[in-house]
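The values are calculated or read from the model by the stated rules, or taken from the named source; none is laboratory data. Computed from a predicted model, the values in this text were never measured in an experiment. We place every Cβ from the backbone using ideal geometry, glycine too, and count neighbours over all the protein chains shown.
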Amino acid sequence: MAMKFSKKGDRGFTSLLGGQRVPKSSPRPEAYGTLDEASSALGMARACAKRPKTREVILSIQKELLILAAELATGRGVAPPSRCQVGFQNVNRLEQLMEELQRDVTLKKEFVYPGDSPAGAAIDLARTIIRRGERRAVGLVQRKEVRNPEVLRYLNRLADLLFVLARYEDQSSPSCAP
């Protein structure tokens, strides 16, 4: 399929779901664009991951990030479709995954320097991008542009899970650290 150029974004504006046009630098595109960055970093991690469980977890997260990005891209006054919302069940799933992974991971008490494995480093990069996305989403929630309380809980738990997932993947490879 050939790429079609709409040229609608050439002047620095984009369309939200619902049709509202906003500057690309406005809070919603900043928030959902940050989640897109995180998903790309996770894609790099998935491509490098040694453990099948890591690849499986990452793919499920990428799918949920797409849902969350759609929720954040929904214009003011437009209700996002229910399939485009994260809920408590998504947060619970992240918590369960973290508990599962922690059974197989030894977490050090000292500061962790990312980079013990290519996949672990990419997961840590995604984690920091998610934290930025969380800060962007906080602004949307504070301005009451996003009303779903699970958005912030999801992003907070996801960053925690990614920390553990990076350590899980790091422990599957010989260390690249000096």
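Across region 6-38, the qualifying residues are those that are under 11 Å from the mean Cα position of the chain (by Cα) and free of Cβ contacts under 8 Å to residues at least 60 places away in the same chain, and the one among them that is surrounded by the most Cβ atoms within 10 Å (Cβ to Cβ) is Y32.
Okay, residues lined up against (1) in contact with a Pro (Cβ under 8 Å, 6 or more places away or on another chain); (2) more than 22 Å from Q96 (Cα to Cα); (3) in a helix (DSSP H, G or I):
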position: K4; (1), (2), (3): no, yes, no
position: T14; (1), (2), (3): yes, yes, no
position: S25; (1), (2), (3): no, yes, no
position: T34; (1), (2), (3): no, yes, yes
position: S39; (1), (2), (3): no, no, yes
position: K63; (1), (2), (3): no, no, yes
position: E71; (1), (2), (3): yes, yes, yes
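Of the residues A45, A38, the single one that is under 27 Å from L158 (Cβ atoms), in contact with an Asp or Glu (Cβ under 9 Å, 6 or more places away or on another chain) and aliphatic (A, V, I, L, M) is A45. Would you mind stating whether R131 is basic (K, R) and touching a residue at least 60 places away in the same chain (Cβ under 8 Å)? No.
Each row is one residue, and each column tells you yes or no for (1) surrounded by 14 or more Cβ atoms within 10 Å (Cβ to Cβ); (2) in a helix (DSSP H, G or I); (3) within 20 Å of the chain's Cα centre (by Cα); (4) at pLDDT below 95.
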position	(1), (2), (3), (4)
L97	yes, yes, yes, no
G120	yes, yes, yes, no
A126	yes, yes, yes, no
R147	no, no, yes, yes
Y154	yes, yes, yes, no
A159	yes, yes, yes, no
L165	yes, yes, yes, no
A177	no, no, no, yes
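Scan region 84-91 and tell me whether some residue there is under 15 Å from V151 (Cα atoms), surrounded by fewer than 16 Cβ atoms within 10 Å (Cβ to Cβ) and not small (G, A, S). Yes - at least one qualifying residue is present in region 84-91. Just one of (1) exposed (fewer than 13 other Cβ atoms within 10 Å of the Cβ); (2) out of contact with any strand residue (DSSP E or B) (no Cβ under 8 Å at 6 or more places or on another chain); (3) farther than 21 Å from R135 by Cα; (4) not β-branched (V, I, T) fails for K53. It is (1).
Only a single criterion out of (1) of a type outside the set (F, W, Y); (2) without any contact (Cβ under 8 Å) to a residue 12 or more places away in the chain; (3) part of a loop (DSSP other than H, G, I, E, B) is not satisfied by S172, namely (2).
Before we move on, is V112 over 12 Å from the mean Cα position of the chain (by Cα), aliphatic (A, V, I, L, M) and surrounded by fewer than 19 Cβ atoms within 10 Å (Cβ to Cβ)? When the stated conditions are applied, V112 passes them.
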